[in-house]
Amino acid sequence: MRIKKFTANNYADALEQVKRELGEEALIMSTRSIKPNTPLSVRNTASKVEITAAVEFKESPVAALEEDLQLEGDSGLDMKSLIFNLLSEKGQAQTLGLKSNQVETYSHLVRNGLDENLASKILKKTKGNSDENPEKEKLRVKNLMKKVIPFEGEITLRPDGPKLVAFVGPTGVGKTTTIAKVAADYAIRKNKKVALVSLDTYRLGAVDQLQIYGDIMQLPVEVAGGKQDFCDIVNRNRDKDLILIDTTGRSHRDQDYSRQLKEIFDAAGEVEVHLVLSVTSQEKLFSTTFQQFSPVGVDRVLFTKLDEGLSFGPLFNFSVRNRVPLSYFTIGQSVPEDLEIAAPDRVISLIFN
Ligand SMILES: Nc1nc2c(ncn2[C@@H]2O[C@H](COP(=O)(O)OP(=O)(O)O)[C@@H](O)[C@H]2O)c(=O)[nH]1
Ligand SMILES: [Mg+2]
């Protein structure tokens, strides 16, 4: 139940406010007129109306959850959470005030790497009757989880010139391989004009790898050493629909590298940045990498190696907490087939199966 006071010059206006903010179903609990507390000289100021209204909290659990998550951010490891971690999952669920039919789902989520805090928040928002069948309860949880996963799906092209998309992330996560898969999808399946650009001059051999893919698909591959180079390349490829940019994955501690990338991208125009993370990495690396690349401006997150992943909770934690929309998933080493458009349904089945 949410209770709120509304003040206006007249009853109709106050009621209007109530409806706007709390909806048609709001309950009016009390109404009173308030005399303004003004000096004698202006005593004839009209009095105001105050309405106290209430509403049941059954609306949008999604919005409420999103709001909560945004407020909370990353909670540090304090004494309370240390002790909490020592409890059994059942103990945790009880401590969190979850219903008996939710304990199983809670345990399942936590075992699959979902952040405990996040799992308990989701369960609290979906809390049904305690005598309800756990399967029904689970379905409600799945639905809410599905709704809070941000996703944008595949790359959308521009009507007026090439779309520039850069892939950034740690070494070895699968950036170059993924670029080859995406390039094949647009160039071969969708029949679009694609160019590949490598800012991958740091690691010896890295350009070769992209070159080989380019040769197989008969796509131009260009290598940019710096800002001017990059702008020239983009200008030369104005006729393309899509320019895919590969980058070196240097140490995730290298903030300078991110600033350098930002400068290069800014000079060339609008570049959509996809952060590439592997589900086989430690979850901690997700957040440090995200921080490293935040100066560049991360627009999307792309998870690789789902075929080798053991737990998918961290993928959910990352995208939901940071509100970065998912773009693609990769599910194996084969180019071009092991690529899929990321969808919330898929995330849910990864977590629940
Ligand atoms: N199992 C699996 N391996 C992948 C996947 N994507 C890429 N790889 C492999 O990961 C390794 C590193 O890939 P690469 O594209 O060079 O990574 P980069 O350093 O980020 O460019 C290669 O052996 C790829 O074949 C995937 O979805 N699943
Ligand atoms: Mg590479």
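What follows draws every value from the coordinates through simple rules; no lab data is involved. Here the structure is a predicted model, which means the values were calculated and not measured. Cβ placement follows ideal geometry from the backbone for every residue including glycine, while neighbour counts extend to all protein chains displayed.
FRET efficiency for the Asp256 to Asn353 pair, using the beta carbon distance and R₀ = 35 Å, is estimated at 0.25. Can you flag which of Lys175/Lys284; Lys19/Lys121; Lys5/Lys35; Lys99/Lys284; Lys284/Lys305; Lys99/Lys121 are past 21 Å Cα-Cα? Violating the 21 Å Cα-Cα cut-off are Lys19/Lys121; Lys99/Lys284. For region 215-222, putting each phi into the Karplus relation 6.51 cos²θ - 1.76 cosθ + 1.60 with θ = phi - 60° gives couplings of 4, 4, 8, 6, 10, x, 10, 10 Hz, in residue order, rounded to whole numbers and with x for Gly and Pro.
Label separation (Ala8 vs Gln211): 7.1 nm, computed from points 7 Å beyond Cα along the C-beta direction.
Overall, the anisotropy analysis places region 163-343 in the oblate class: the square-rooted eigenvalues a ≥ b ≥ c of its C-alpha gyration tensor yield a/c not less than 1.5, with a/b not exceeding b/c.
Cβ-Cβ distance of Gln17 and Lys147, R₀ of 25 Å, FRET efficiency by 1/(1 + (r/R0)^6): the value works out to about 0.30. Computed from backbone phi with θ = phi - 60° and the Karplus coefficients 6.51, -1.76 and 1.60, the 3J(HN,Hα) list for region 140-145 is 5, 5, 4, 5, 5, 4 Hz; x is used for glycine and proline. For chymotrypsin sites (Phe, Trp or Tyr not before Pro), the sites in region 159-202 that DSSP calls loop and that have at most 14 other Cβ atoms within 10 Å are Tyr202. For the pair Ser88 and Glu283, a Förster radius of 22 Å applied to the C-beta separation gives a FRET efficiency near 0.50, rounded to the nearest 0.05. Karplus-derived 3J(HN,Hα) values for region 261-267, using 6.51 cos²θ - 1.76 cosθ + 1.60 with θ = phi - 60°, are 4, 4, 4, 5, 5, 4, 5 Hz; glycine and proline are entered as x.
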